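Shown next, in structure tokens, is the structure this report addresses.
The values are calculated or read from the model by the stated rules, or taken from the named source; none is laboratory data. Because the structure is a prediction, the values reported are computed rather than measured. Please note: Cβ atoms are built from the backbone with ideal geometry, for glycine as well, and neighbour counts cover all protein chains shown.
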Amino acid sequence: MTTHITNIRMHAAFLAVAGALSLQACGGATAAPTTETGSTPTQFVNAETQIDAGRYLVKIGGCNDCHTPGYVEKLMMTGEAMPESDWLKGADIGFSGPWGVSYPSNLRLSFQNMDEAQFIEMARKGQGRPPMPWPSLQAMSDQDLSAIYAYVHSLGAAGDPAPAALSPGAAPDRPHIAFVPQAPAAQAAK
Ligand code: HEC
């Protein structure tokens, strides 16, 4: 499948102005200049369709790197992309660290089990375990999160649920990647 993303534009300038105007319209007492800090981001990707925007965001957001086992390896070693029908099915190799062990969720199932508003709320709160890049989702505008939702939801349910996360100290029963700083050999030998 060939993907044509055309017409991707940032509407930041326009929206910043619109935002400032609406603040004034609402009688914002001091009419402070709008900043991104602490407010919902207003930049978004504009593609031909919302699904195209979602696919683009998933690709550049690196979501496949963790949620699609073998995705990076196949692309880097063979130059061939994994078929979209296999994307985002989750992984059973976990990441261990001070948070316990987390497993990249099967997003094909997750997105069938929540609606768009629930996904946006989850992204805004960003209270899951590392190494899921929650700050990246938090930094996305509602429009971009809606596009991701529309896209992943459109892929439909597939695959099995990822294993449940383990609490700190619990022993994993399968291979996992340790996200713990390792001392260089010279220091370790001392
Ligand atoms: C570095 C690895 C990594 C990357 C990259 C990554 N994720 Fe995750 N993701 C995880 C892990 C691990 C979890 C499980 C977190 C937990 O157990 O709390 C997760 C959980 C989630 C969840 C919660 C699912 C549920 O049912 O609770 C969503 C939604 C999600 N990721 C979306 C995304 C999206 C969208 C992207 C791309 C923008 C992305 N992830 C990129 C590792 C990653």
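Observations
- Test: residue in the range 70-93 that is in contact with a strand residue (DSSP E or B) (Cβ under 7 Å, 6 or more places away or on another chain), within 13 Å of the ligand (Cβ to nearest atom) and under 17 Å from Arg174 (Cβ atoms): yes
- Applying a threshold of 8 Å to beta carbon distances and a minimum spacing of six or more residues, or different chains, the list of pairs starting in the range 47-61 at a residue that is closer than 8 Å to Tyr151 by Cβ and ending at one that is assigned to a loop (DSSP other than H, G, I, E, B) and within 12 Å of the ligand (Cβ to nearest atom) reads Leu57/Met140; Val58/Trp87; Val58/Leu88.
- Considering residues of the range 62-78 that are part of a loop (DSSP other than H, G, I, E, B) and in contact (Cβ under 8 Å) with a residue 24 or more places away in the chain only, the residue farthest from Ile148 (Cα to Cα): Pro69
- Strands (runs of 3 or more DSSP E) contained in the range 83-190 and holding at least 2 residues in contact (Cβ under 8 Å) with a residue 12 or more places away in the chain and surrounded by fewer than 17 Cβ atoms within 10 Å (Cβ to Cβ): 176-178
- The lone exception for Gln127 - which of (1) at pLDDT below 95; (2) closer than 15 Å to Asp92 by Cα it fails: (2)
- Checking Thr49 against (1) at pLDDT 95 or above; (2) under 16 Å from the mean Cα position of the chain (by Cα), the condition it does not meet: (2)
- Arg55 falls short on exactly one of the conditions (1) within 17 Å of His153 (Cβ to Cβ); (2) more than 14 Å from the ligand (Cβ to nearest atom), and that condition is (2).
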